[in-house]
1. Which order results if PHE167, PHE56, PHE111 are arranged by neighbouring Cβ count within 10 Å, fewest first?
2. Only Cα pairs under 8 Å and at least 6 apart count here; give the relative contact order of the chain as a rounded whole percent.
3. Who wins for biggest fluctuation among ALA13, ALA137, ALA165 in a Gaussian network model of the chain, springs between alpha carbons below 10 Å?
4. What FRET efficiency, computed as 1/(1 + (r/R0)^6) with R0 = 25 Å and r the Cβ-Cβ distance, is obtained for SER209 and ASP11, rounded to the nearest 0.05?
5. Mind sorting CYS146, CYS15, CYS121 by how few other Cβ atoms lie within 10 Å of their own Cβ, fewest first?
6. Measuring from label point to label point, each 7 Å out along Cα→Cβ, what is the LEU158 to GLN45 span in nm?
7. Please compute the modelled spin-label separation between SER115 and MET82, points set 7 Å along Cα→Cβ, answer in nm with one decimal.
8. For the residue pair GLN53 and VAL103, what label-to-label distance in nm results when each label sits 7 Å from Cα along the Cα-to-beta-carbon direction?
Amino acid sequence: MQRHSTPEILDSATCPAREVETSLRDLCRMNRWFGGVATTRRLIQHVSLATGQKRFSVLDVASGYGEVPKVAGKQLARQQIMLEVTMLDRLRSHLLPEENSVVADALALPFADGSFDLVSCSLFAHHLEPEELACFAAEALRVSRCALLINDLIRHPLHLALIYAGFPLMRSQISRVDGIASVKRAYSPREIHAILGDGLPGRGRIQISRHYLFRMGVIAWK
C-alpha cells in the first residue's frame, strides 16, 4: 500500500467551529478506545524505566483537546509517574481554553533549548511530509532534555478497512473523511526509521514499537 498524501479537512482554518468540536470529540473517543492513550502511556513508562525518572515536563504538540496526555497522565499517576503537560496547537480553536496551552507552529517551536523533559505528539506525524517530519523531530529534540515520543498510525490495507467499519462510531462526517486520509498518509515503521535516521545525523537511538490496532510508538532519544 503506497503512501498517498491528501489534505485533511480538520487541518483547515476555515472548518466551522461546531464541526471542529464534533470531530475532535470523535478523536478523543477513538484514542481512548483504540490504543492512542495506551501507546503514549507505554512510551512514557519505557522512558521512566530507562531513566529512573518519575516526573516529566511534557510538551504535547498538535494536542487538540489533549485527551491522550491527560488520560495517560491520570493512568501513570497510579504508578507514581507524574506529568506536567503543556499543550500546543497551531489553531486556537483546537485547544480547550482552560488548559495550559500555546498556539504555535510545530516546525518552529517558541521555546529555548531543553525547555521540557519530553516532547510528544499523537496522530500528528502523518500530517507531515518526510522533510517536514525530519524538521519537526529536530525542533522537538532541540527543546527536549530526554526524548521525542511519536504516537501514530501504521499504514496498512486492513487498517483502512477498519476505518470504514468504524464509521458508525464517528459522529462527524469530517472524522470519516479524515480517518481515511489519515491511514493513507500514515508511514510504515521502516519509513519512519529511515526519515529520522537520515534526517537527524549524530542523534541518539531510535526505538520503534507496534501497538494495538495499527498504532506505532517511536522514541527518538536525545
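Values in this text are rule-based calculations from the coordinates and carry no lab data. As the structure is a prediction and not an experimental result, all values here were calculated from the model. Positions of Cβ are backbone-derived with ideal geometry, glycine not excepted, and every protein chain shown enters the neighbour counts.
1. Ascending number of Cβ neighbours within 10 Å: PHE167, PHE111, PHE56.
2. 24
3. ALA165
4. According to the calculation, E is roughly 0.40.
5. Going from sparsest to densest Cβ surroundings: CYS15, CYS146, CYS121.
6. It works out to 2.3 nm between the two label points.
7. The two pseudo-label positions are separated by 2.3 nm.
8. Here the answer is 3.0 nm between the modelled labels.
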